[in-house]
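Structure, as structure tokens:
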Amino acid sequence: MSNPYVPVLILLGIGAVLALGGVAASAVIGPKQYNRAKLDAYECGIEPTPHATGGGRLPIKYYLVAMTFIVFDIEVVFLYPWAVDFAVLAGFGLAAVLIFLVLITIPFVYEWRRGGFDWV
């Protein structure tokens with residue numbers, strides 16, 4: 001009788017060997033000559049502009065886009081189990097999902113009113 005965790009440990013070991021082997025191989029095989037262009041930050045071919053002192057402030061649209069991604073990503077994740085057991089959940093599941101969708105609509109409307117969807 002063998003331990004049921006042996007395959008998991010073997011898989012973790014293989015994964016660790018591959019990860020460390022890839023890092024080691026890139027250190028050995030990779031190029032060793034660095035120049036100014038290689039070390040510069042990539043700015044889509046445009047010369048980087050100087051930043052304001054103290055780092056400057058990010059526009060609110062950055063945070064609105066991040067909030068949109070999080071809200072709708074979480075919404076989709078929570079709708080998967082409901083879609084899988086739709087027939088089992090019946091009316092209670094439908095009511096719960098409708099309440100959930102109404103609650104998700106609140107940040108959507110907030111962002112819409114703040115101009116998060118205006119890409120100008």
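List of remarks:
- Criterion applied to Phe92, Phe100 was being exposed (fewer than 10 other Cβ atoms within 10 Å of the Cβ), in a helix (DSSP H, G or I) and at pLDDT 85 or above, and the one residue passing it is Phe92.
- The residues of segment 1-17 that are in a helix (DSSP H, G or I) and surrounded by fewer than 10 Cβ atoms within 10 Å (Cβ to Cβ) amount to a single one, Val6.
The values are calculated or read from the model by the stated rules, or taken from the named source; none is laboratory data. Because the structure is a prediction, the values reported are computed rather than measured. Don't worry about glycine lacking a Cβ; one is built from the backbone with ideal geometry, like all the others, and counts go over all protein chains shown.
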